[in-house]
1. Pick out, from the stretch 93-187, the strands (runs of 3 or more DSSP E) lying fully within it that include 1 or more residues that are within 21 Å of M71 (Cα to Cα) and open to solvent by less than 20 Å² (accessible area, probe 1.4 Å).
2. Quick one: which of T124, T109, T154 is over 28 Å from R191 (Cβ atoms) and out of contact with any helix residue (DSSP H, G or I) (no Cβ under 7 Å at 6 or more places or on another chain)?
3. Which of the following residues is modelled with pLDDT of 95 or more, open to solvent by 10 Å² or more (accessible area, probe 1.4 Å) and closer than 22 Å to K134 by Cβ: E28, E15?
4. Please find, among S201, S197, the residue that is of a type in the set (G, A, S) and outside any helix (DSSP H, G or I).
5. Could you list all residues from the stretch 128-171 that are under 18 Å from L22 (Cα atoms), polar (S, T, N, Q) and at pLDDT 95 or above?
6. Does K47 meet the test of being within 18 Å of the chain's Cα centre (by Cα), closer than 29 Å to L178 by Cα and surrounded by 15 or more Cβ atoms within 10 Å (Cβ to Cβ)?
7. Testing F14 on (1) part of a helix (DSSP H, G or I); (2) closer than 28 Å to V157 by Cβ; (3) touching a residue at least 60 places away in the same chain (Cβ under 8 Å), one condition comes back false. Which one is that?
8. Hey, any hits in the stretch 21-32 for a residue that's of a type outside the set (D, E) and under 17 Å from L117 (Cα atoms)?
Amino acid sequence: MIGNDWDNILKDTFESNYYKDLHNKVLEEYKTKTIFPEYNNIFNALKLTPYNNVKVVIVGQDPYHGVGEAMGLSFSVNKGIKLPPSLKNIYKELESDLGIPTRLDGDLTNWAREGVLLINSVLTVEKDLPASHKNLGWEHITDEIISKINEKDTPVVFILWGNFAISKSSLITNPKHLVITSPHPSPFSARKGFFGSKPFSKANEFLAKNNIKPIDFSK
(Lines give C-alpha, C1' and ligand atoms only; values in the text may rest on other atoms or scores of the structure.)
Protein backbone atom coordinates (compact mmCIF):
# COMPACT_ATOMS: atom_id res chain seq x y z
CA MET A 1 0.00 0.00 0.00
CA ILE A 2 2.77 2.46 0.95
CA GLY A 3 5.69 0.86 -0.86
CA ASN A 4 8.26 0.89 1.95
CA ASP A 5 8.79 -0.43 5.49
CA TRP A 6 5.56 1.18 6.72
CA ASP A 7 3.65 -1.65 4.99
CA ASN A 8 5.13 -4.16 7.44
CA ILE A 9 4.97 -1.82 10.46
CA LEU A 10 1.26 -1.12 9.85
CA LYS A 11 0.33 -4.55 8.47
CA ASP A 12 -2.09 -5.36 11.30
CA THR A 13 -3.62 -1.88 11.09
CA PHE A 14 -4.23 -2.07 7.34
CA GLU A 15 -5.68 -5.59 7.65
CA SER A 16 -8.03 -4.65 10.50
CA ASN A 17 -11.79 -4.43 10.07
CA TYR A 18 -11.57 -0.90 11.45
CA TYR A 19 -9.33 0.25 8.61
CA LYS A 20 -11.37 -1.60 5.97
CA ASP A 21 -14.53 0.17 7.17
CA LEU A 22 -12.73 3.52 7.17
CA HIS A 23 -11.35 2.90 3.68
CA ASN A 24 -14.85 2.17 2.36
CA LYS A 25 -16.16 5.40 3.91
CA VAL A 26 -13.30 7.37 2.38
CA LEU A 27 -13.82 5.83 -1.06
CA GLU A 28 -17.50 6.79 -0.92
CA GLU A 29 -16.55 10.36 -0.03
CA TYR A 30 -14.19 10.56 -3.04
CA LYS A 31 -16.91 9.19 -5.34
CA THR A 32 -19.61 11.63 -4.25
CA LYS A 33 -17.79 14.83 -3.19
CA THR A 34 -14.65 16.86 -3.85
CA ILE A 35 -12.08 15.58 -1.35
CA PHE A 36 -8.49 16.63 -0.75
CA PRO A 37 -5.70 15.65 -1.13
CA GLU A 38 -5.82 13.60 -4.33
CA TYR A 39 -6.62 10.00 -3.44
CA ASN A 40 -3.12 8.77 -4.34
CA ASN A 41 -1.59 11.34 -1.97
CA ILE A 42 -3.49 10.39 1.19
CA PHE A 43 -0.43 8.55 2.55
CA ASN A 44 2.14 10.83 0.94
CA ALA A 45 3.81 11.49 4.32
CA LEU A 46 4.49 7.78 4.84
CA LYS A 47 5.59 7.26 1.23
CA LEU A 48 8.17 10.06 1.41
CA THR A 49 9.44 9.27 4.92
CA PRO A 50 9.97 5.54 5.53
CA TYR A 51 9.70 4.36 9.13
CA ASN A 52 13.42 3.75 9.49
CA ASN A 53 14.17 7.26 8.17
CA VAL A 54 11.94 9.16 10.63
CA LYS A 55 14.02 11.63 12.63
CA VAL A 56 11.45 14.38 13.29
CA VAL A 57 7.65 14.30 13.44
CA ILE A 58 5.56 17.44 12.89
CA VAL A 59 1.88 16.83 13.66
CA GLY A 60 -0.85 18.79 11.89
CA GLN A 61 -4.62 18.66 12.28
CA ASP A 62 -6.17 18.04 8.84
CA PRO A 63 -5.38 18.87 5.19
CA TYR A 64 -5.88 22.29 3.62
CA HIS A 65 -9.36 22.49 2.15
CA GLY A 66 -8.74 24.84 -0.79
CA VAL A 67 -8.34 23.75 -4.41
CA GLY A 68 -4.80 22.59 -5.24
CA GLU A 69 -3.41 23.12 -1.74
CA ALA A 70 -3.30 19.77 0.08
CA MET A 71 -0.60 17.30 -0.93
CA GLY A 72 -0.61 14.78 1.92
CA LEU A 73 2.02 16.52 4.05
CA SER A 74 1.11 18.60 7.11
CA PHE A 75 1.58 22.37 6.63
CA SER A 76 2.87 21.83 3.05
CA VAL A 77 1.24 23.05 -0.16
CA ASN A 78 1.81 22.20 -3.81
CA LYS A 79 4.22 24.29 -5.83
CA GLY A 80 2.66 27.44 -7.25
CA ILE A 81 0.13 27.76 -4.41
CA LYS A 82 0.14 30.90 -2.27
CA LEU A 83 1.75 30.31 1.13
CA PRO A 84 -0.87 29.69 3.86
CA PRO A 85 -0.54 32.00 6.92
CA SER A 86 0.71 29.24 9.25
CA LEU A 87 3.42 28.19 6.80
CA LYS A 88 4.48 31.82 6.39
CA ASN A 89 4.98 31.97 10.16
CA ILE A 90 6.86 28.66 10.16
CA TYR A 91 9.23 30.15 7.59
CA LYS A 92 9.61 33.32 9.68
CA GLU A 93 10.59 31.25 12.72
CA LEU A 94 12.94 29.16 10.58
CA GLU A 95 14.70 32.33 9.42
CA SER A 96 14.90 33.68 12.97
CA ASP A 97 16.09 30.34 14.36
CA LEU A 98 18.53 29.08 11.71
CA GLY A 99 19.00 32.08 9.42
CA ILE A 100 17.36 30.29 6.48
CA PRO A 101 15.71 32.89 4.21
CA THR A 102 11.94 32.64 3.70
CA ARG A 103 10.99 30.79 0.52
CA LEU A 104 8.10 31.54 -1.81
CA ASP A 105 7.67 27.80 -2.38
CA GLY A 106 5.49 25.99 0.16
CA ASP A 107 6.29 22.43 -0.95
CA LEU A 108 7.99 20.65 1.98
CA THR A 109 8.72 17.42 0.09
CA ASN A 110 12.46 17.83 0.68
CA TRP A 111 11.91 18.05 4.44
CA ALA A 112 10.01 14.75 4.21
CA ARG A 113 12.88 13.17 2.28
CA GLU A 114 15.30 14.46 4.93
CA GLY A 115 13.42 12.47 7.59
CA VAL A 116 10.68 14.85 8.75
CA LEU A 117 7.36 12.99 8.95
CA LEU A 118 4.76 15.65 8.17
CA ILE A 119 1.66 13.84 9.38
CA ASN A 120 -1.85 15.20 9.85
CA SER A 121 -4.10 13.57 12.43
CA VAL A 122 -6.92 13.50 9.86
CA LEU A 123 -5.76 12.58 6.35
CA THR A 124 -8.66 13.81 4.19
CA VAL A 125 -11.04 16.78 4.03
CA GLU A 126 -14.00 17.93 1.96
CA LYS A 127 -13.48 20.97 -0.26
CA ASP A 128 -14.05 24.26 1.60
CA LEU A 129 -15.09 22.45 4.79
CA PRO A 130 -12.24 22.42 7.36
CA ALA A 131 -12.36 19.52 9.84
CA SER A 132 -15.18 17.90 7.82
CA HIS A 133 -13.57 14.46 8.21
CA LYS A 134 -12.70 14.93 11.86
CA ASN A 135 -14.95 12.08 12.98
CA LEU A 136 -14.52 9.79 10.00
CA GLY A 137 -12.02 7.60 11.87
CA TRP A 138 -8.57 8.70 10.72
CA GLU A 139 -7.44 9.64 14.24
CA HIS A 140 -7.27 6.00 15.29
CA ILE A 141 -4.94 5.23 12.38
CA THR A 142 -2.66 8.23 12.83
CA ASP A 143 -2.45 7.68 16.59
CA GLU A 144 -1.25 4.19 15.72
CA ILE A 145 1.41 5.70 13.45
CA ILE A 146 2.63 7.97 16.27
CA SER A 147 2.61 5.02 18.69
CA LYS A 148 4.71 2.93 16.29
CA ILE A 149 7.27 5.75 16.05
CA ASN A 150 7.28 5.94 19.84
CA GLU A 151 8.50 2.31 19.81
CA LYS A 152 11.60 3.17 17.75
CA ASP A 153 14.95 2.49 19.41
CA THR A 154 16.56 5.46 17.68
CA PRO A 155 15.76 8.90 19.17
CA VAL A 156 13.09 10.95 17.38
CA VAL A 157 12.03 14.58 17.84
CA PHE A 158 8.28 15.24 18.05
CA ILE A 159 7.35 18.87 17.28
CA LEU A 160 3.85 19.59 18.54
CA TRP A 161 2.37 23.01 17.73
CA GLY A 162 -0.90 24.02 19.37
CA ASN A 163 -3.21 22.28 21.81
CA PHE A 164 -4.47 19.69 19.34
CA ALA A 165 -0.97 18.45 18.47
CA ILE A 166 0.17 18.71 22.09
CA SER A 167 -2.66 16.34 23.07
CA LYS A 168 -0.77 13.63 21.14
CA SER A 169 2.11 13.83 23.65
CA SER A 170 0.30 11.20 25.73
CA LEU A 171 1.27 8.70 23.01
CA ILE A 172 4.97 9.54 23.35
CA THR A 173 6.24 7.62 26.38
CA ASN A 174 9.69 6.47 25.25
CA PRO A 175 12.34 8.47 27.17
CA LYS A 176 14.72 8.26 24.19
CA HIS A 177 12.62 10.79 22.30
CA LEU A 178 12.38 14.58 22.56
CA VAL A 179 9.03 16.38 22.60
CA ILE A 180 9.04 20.09 21.66
CA THR A 181 5.81 22.01 22.23
CA SER A 182 4.67 25.57 21.58
CA PRO A 183 1.58 27.51 20.50
CA HIS A 184 0.39 26.96 16.93
CA PRO A 185 2.03 28.99 14.11
CA SER A 186 -1.33 30.38 12.97
CA PRO A 187 -1.70 34.20 13.02
CA PHE A 188 -4.06 33.83 16.00
CA SER A 189 -1.42 32.33 18.27
CA ALA A 190 2.06 32.68 16.73
CA ARG A 191 2.93 35.71 18.88
CA LYS A 192 1.88 33.89 22.05
CA GLY A 193 5.02 31.74 22.12
CA PHE A 194 5.54 30.17 18.70
CA PHE A 195 7.84 32.94 17.56
CA GLY A 196 11.12 32.55 19.41
CA SER A 197 10.51 28.91 20.34
CA LYS A 198 13.44 27.75 18.13
CA PRO A 199 12.08 24.26 17.33
CA PHE A 200 14.40 23.71 14.37
CA SER A 201 17.69 24.34 16.17
CA LYS A 202 16.47 22.38 19.20
CA ALA A 203 15.61 19.43 16.99
CA ASN A 204 18.95 19.46 15.19
CA GLU A 205 20.94 19.88 18.41
CA PHE A 206 19.17 16.82 19.84
CA LEU A 207 19.82 14.77 16.70
CA ALA A 208 23.49 15.75 16.61
CA LYS A 209 23.85 14.93 20.31
CA ASN A 210 22.55 11.44 19.52
CA ASN A 211 24.91 10.99 16.55
CA ILE A 212 22.10 11.36 14.02
CA LYS A 213 22.59 13.56 10.96
CA PRO A 214 20.65 16.82 11.47
CA ILE A 215 17.87 17.90 9.12
CA ASP A 216 18.74 20.30 6.30
CA PHE A 217 15.74 22.62 6.55
CA SER A 218 17.10 24.89 3.80
CA LYS A 219 16.00 22.60 0.96
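The values are calculated or read from the model by the stated rules, or taken from the named source; none is laboratory data. As the structure is a prediction and not an experimental result, all values here were calculated from the model. No Cβ is skipped: glycine too gets one built from the backbone with ideal geometry, and neighbour counts run over all protein chains shown. SASA here: full protein model, heavy atoms, side chains in, ligands and nucleic acids out. Shrake-Rupley method; radii C 1.70, N 1.55, O 1.52, S 1.80 Å.
1. It comes to 116-120, 157-161.
2. Numbers: T124 fails: out of contact with any helix residue (DSSP H, G or I) (no Cβ under 7 Å at 6 or more places or on another chain); T109 fails: out of contact with any helix residue (DSSP H, G or I) (no Cβ under 7 Å at 6 or more places or on another chain).
Step by step, each of T124, T109, T154 is checked, and only T154 is over 28 Å from R191 (Cβ atoms) and out of contact with any helix residue (DSSP H, G or I) (no Cβ under 7 Å at 6 or more places or on another chain).
3. Being modelled with pLDDT of 95 or more, open to solvent by 10 Å² or more (accessible area, probe 1.4 Å) and closer than 22 Å to K134 by Cβ holds for just one of E28, E15, which is E28.
4. Only one candidate qualifies: S197.
5. Of everything in the stretch 128-171, those that are under 18 Å from L22 (Cα atoms), polar (S, T, N, Q) and at pLDDT 95 or above turn out to be S132, T142.
6. Considered against the rule, which asks whether it is within 18 Å of the chain's Cα centre (by Cα), closer than 29 Å to L178 by Cα and surrounded by 15 or more Cβ atoms within 10 Å (Cβ to Cβ), K47 comes out as yes.
7. In the conditions (1) part of a helix (DSSP H, G or I); (2) closer than 28 Å to V157 by Cβ; (3) touching a residue at least 60 places away in the same chain (Cβ under 8 Å), F14 misses (3) alone.
8. Filtering the stretch 21-32 down to residues of a type outside the set (D, E) leaves 22-27, 30-32.
Still in the list and also under 17 Å from L117 (Cα atoms): none.
No.
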